[in-house]
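Reading through the structure tokens given below for one structure.
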Amino acid sequence: MKKTTRIVCALTLLFTVCLGTTLRAEQQTWTSDQQAVIDALKNGPIGIEKNFDRWADGYASHWSYWRVGDRTVRPKDEHMALVRAYIDAGNTPVSFELEPIDVIVRGDAAMVRFIATETLLSADGEARIVRYASATMLSRETGDWKVLASNLVYLDDD
């Protein structure tokens, strides 16, 4: 992707996120449906090193990951294998902050726009902070919200 296109995309996202933050600041409470969707996401990867399968079960079987700007999406099996290898190498998520910007619920489908900050601790004790903005789609399956698609832009990426 050309650098100019990347900059325009980043500025557009930044403007949208800033506008969304203003709107969120005005919202005092979430509906029970919105809160249920937020609750499905609020812990992020915390505890993944203790129970990977439980964490992975929060994702629909046909879930996919798309890093905004890439030409392909990553299917669940491929992504989960990469995450498992990362965790098995001794990396541990030690904190996760979710800032919901907007939550849209329509029946058994939902979309959440949010900013997340993860702190990861490597096997040698080095901390790494990862910040990203996401538009994540969820579907309600047998009463539980499952992540259906994750679209991310890493905010501190060069």
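When both residues are 6+ apart or on different chains and their Cβ atoms are under 8 Å apart, which pairs have a first residue that lies in segment 106-121 and is in contact (Cβ under 8 Å) with a residue 40 or more places away in the chain and closer than 20 Å to GLN35 by Cβ, and a second that is part of a loop (DSSP other than H, G, I, E, B) and open to solvent by 50 Å² or more (accessible area, probe 1.4 Å)?
These pairs meet every condition: ILE115/LEU155.
Quick one: ARG84 ticks every box in (1) part of a strand (DSSP E or B); (2) open to solvent by 50 Å² or more (accessible area, probe 1.4 Å); (3) more than 26 Å from SER32 (Cα to Cα) bar one, so which box is it?
Result: ARG84 passes all but (1).
Kindly indicate whether ARG71 is open to solvent by 70 Å² or more (accessible area, probe 1.4 Å), modelled with pLDDT of 95 or more, assigned to a strand (DSSP E or B) and not aliphatic (A, V, I, L, M).
Spelling it out, it is not the case that ARG71 is open to solvent by 70 Å² or more (accessible area, probe 1.4 Å), modelled with pLDDT of 95 or more, assigned to a strand (DSSP E or B) and not aliphatic (A, V, I, L, M).
Please verify whether SER139 is without any contact (Cβ under 8 Å) to a residue 24 or more places away in the chain, surrounded by 14 or more Cβ atoms within 10 Å (Cβ to Cβ) and within 24 Å of THR31 (Cα to Cα), treating the condition exactly as stated.
In short, no.
Take GLU97 and decide whether it is surrounded by fewer than 16 Cβ atoms within 10 Å (Cβ to Cβ), farther than 23 Å from GLY143 by Cβ, in contact with a strand residue (DSSP E or B) (Cβ under 6 Å, 6 or more places away or on another chain) and among the charged types (D, E, K, R).
yes
Go through (1) open to solvent by 40 Å² or more (accessible area, probe 1.4 Å); (2) assigned to a strand (DSSP E or B) for TYR65 and report which single condition fails.
(1)
Going residue by residue through segment 122-133, is there one that turns out to be aliphatic (A, V, I, L, M), in contact with a helix residue (DSSP H, G or I) (Cβ under 7 Å, 6 or more places away or on another chain) and in a strand (DSSP E or B)?
Looking through segment 122-133, at least one residue is aliphatic (A, V, I, L, M), in contact with a helix residue (DSSP H, G or I) (Cβ under 7 Å, 6 or more places away or on another chain) and in a strand (DSSP E or B).
Quick one: in segment 41-62, of everything that is open to solvent by 80 Å² or more (accessible area, probe 1.4 Å) and over 14 Å from the mean Cα position of the chain (by Cα), which residue is farthest from ALA110 (Cα to Cα)?
By that ranking, first place goes to LYS50.
The values are calculated or read from the model by the stated rules, or taken from the named source; none is laboratory data. Computed from a prediction, not measured in an experiment: that's the story for all the values here. Reconstructed Cβ throughout: ideal geometry from the backbone, glycine too, with neighbour counts over all protein chains shown. These area figures cover heavy atoms from the full protein model, side chains too; ligands, DNA and RNA do not enter into them. Shrake-Rupley method; radii C 1.70, N 1.55, O 1.52, S 1.80 Å.
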